[in-house]
Amino acid sequence: MSNHEFIYDDETIASTCDKTADGVTVTVGEQKFTFVPVGDDCFRTMVNGKSLVVAAVQSEDTVYVDIDSRLIDIAEPSEDGFAGGGAAGAGEKDKIFAPMPGKVVKIQVEMGQEVEEKTPMVIVEAMKMENQVNSRAKGTVKAINFAAGDQVDTETPIIELELDES
């Protein structure tokens, strides 16, 4: 058994992982999930009676998890906190990074547009899945560094914001 702490939606969550003959059992709080391998980095689990496909990819200190086309990123807690986004952009709420290397499908904002926290900003295709990346802060779009069709990594911001200090 191994114990882990990870960050999800700016909340630190404790979990345990146990390897089993069929896969891995993950316990978060009182909930247990069994993940059975179905391919490279792909697993199947049951949640509320529904069978879900889960894919996971690690880049540096962040694991990107796709659960039935819903992308979440999980990171180990750091001394300076974590604000989501690409591994290089942890803590940079004024920058929008790709969750993993991929291709920009659609930019959903315009230069000068005011956005709220969780405003849809860009759709990035990675691992044959389209992932919507949302704003992590309130502000105004000050730079759009890529266009639809461009390849992106997790190191260069796709969009930059001028944060609203109010």
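Looking at Met111 and the list (1) crowded, with 17+ Cβ neighbours inside 10 Å; (2) outside any strand (DSSP E or B), which single condition is not satisfied?
The one condition Met111 does not meet is (1).
Pairs only if they're at least six apart or on different chains, beta carbon under 7 angstrom, first in the range 136-162 and surrounded by 15 or more Cβ atoms within 10 Å (Cβ to Cβ), second among the basic types (Lys, Arg); list them, first residue then second.
The qualifying pairs are Arg136/Lys93; Ala137/Lys93; Pro157/Lys95; Glu160/Lys95; Glu160/Lys142; Leu161/Lys142.
Can you tell me which residues in the range 17-50 are touching a strand residue (DSSP E or B) at 6+ places or on another chain (Cβ under 9 Å), more than 26 Å from Gly102 (Cβ to Cβ) and of a type in the set (Gly, Ala, Ser)?
Gly23, Gly29
Just checking, which of Thr25, Thr34 is without any contact (Cβ under 8 Å) to a residue 12 or more places away in the chain, touching a Ser or Thr at 6+ places or on another chain (Cβ under 7 Å) and over 22 Å from Gln132 (Cβ atoms)? Explain how you work it out, then say what you get.
Values: Thr34 fails: without any contact (Cβ under 8 Å) to a residue 12 or more places away in the chain.
Result: Thr25 is the single residue among Thr25, Thr34 that is without any contact (Cβ under 8 Å) to a residue 12 or more places away in the chain, touching a Ser or Thr at 6+ places or on another chain (Cβ under 7 Å) and over 22 Å from Gln132 (Cβ atoms).
Do we find that Val65 is surrounded by 12 or more Cβ atoms within 10 Å (Cβ to Cβ) and touching a Cys at 6+ places or on another chain (Cβ under 6 Å) in this structure?
Working: surrounded by 12 or more Cβ atoms within 10 Å (Cβ to Cβ): yes; touching a Cys at 6+ places or on another chain (Cβ under 6 Å): no.
No.
Restricting to the range 89-108, name every residue that is at pLDDT 90 or above, part of a loop (DSSP other than H, G, I, E, B) and either farther than 12 Å from Pro157 by Cα or among the charged types (D, E, K, R) (or both).
Residues satisfying the conditions are Asp94, Gln108.
State all residues of the range 23-61 that are modelled with pLDDT under 70 and closer than 17 Å to Met127 by Cα; if no residue qualifies, say none.
Ser59
The values are calculated or read from the model by the stated rules, or taken from the named source; none is laboratory data. What you are looking at is a predicted structure, and each value in this text was computed from that prediction instead of being measured. Glycine gets a Cβ as well: all are built from the backbone with ideal geometry, and neighbour counts include every protein chain shown.
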